[in-house]
1. Treating the angle as unsigned and between 0 and 90°, give the value, to the nearest 10°, between the Cα long axis of helix 101-115 and the longest Cα principal axis of the chain.
2. Neighbour counts of other C-beta atoms within 10 Å: give me 2, 53 arranged from fewest to most.
3. What translational diffusion coefficient, to the nearest whole µm²/s, does the stretch 4-115 have by Stokes-Einstein, given a Kirkwood radius computed over alpha-carbon pairs, a temperature of 25 °C and 0.890 mPa s viscosity?
4. Given R₀ = 22 Å, FRET efficiency for residue 98-residue 4 by Cβ-Cβ distance, to 0.05?
5. Within the P(r) computed for the stretch 34-99, what percentage of the Cα pairs occupies the region above 17 Å?
6. Using a Cα-Cα cut-off of under 15 Å, which aspartates and glutamates could be cross-linked to residue 112, ignoring same-chain neighbours fewer than 8 residues away?
7. Let me test this: with uniform point scatterers at the alpha carbons of the stretch 63-107, what is the Debye-based log₁₀ I(q)/I(0) at q = 0.22, 0.29, 0.31, 0.32 1/Å?
8. Restricting to DSSP loop positions (anything but H, G, I, E, B) with no more than 10 other Cβ atoms inside 10 Å of their own Cβ, which GluC sites (Glu not before Pro) remain in the stretch 1-60?
Amino acid sequence: MYSAAFLDHFKNPRNVGELDPPAIVVEISNPACGDILRLSARFQDGRVAEVRYKVRGCTASIASGSALTEWMQNKTRAQLASLTTAMIDEHVGGLAPESRHAAVLCLDAVKKLLSD
């Protein structure tokens, strides 16, 4: 049911934690399922130099947050702005239809990060 990449991100999540200022920290929640994602990123020379996440949520949100932070490494703001839920789905190795809310949560966090 779950891909090897999905299970790896769930069992061995990358970049868990939070960065201290001057990192930008945003928090997004999904009122329908109750998942909460806190994303923090530090930019240097216009690129993501460091990124961390914390999530309270389902298996899909944990795996998607991990995959998202790996994808974000060294990306420019323009590259971050091009992120789609399909890209998150691809990087996590596929999400079941009932778990696609996790990709939306990640996308919303990146949009908020770019607006702050």
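1. Taking Cα atoms only, the helix is inclined about 10 degrees.
2. Taking fewest neighbouring Cβ atoms as first place, the list is 2, 53.
3. D, rounded to a whole number, is 181 µm²/s.
4. With a Förster radius of 22 Å, E is 0.65.
5. 42
6. 27
7. Calculated log10 I(q)/I(0) at the listed q: -0.66, -1.07, -1.19, -1.25.
8. none
Values quoted throughout were computed directly from the atomic coordinates according to the rules given, and no laboratory measurement underlies them. Quick caveat: nothing in here was measured; it's all calculated off a predicted structure. We place every Cβ from the backbone using ideal geometry, glycine too, and count neighbours over all the protein chains shown.
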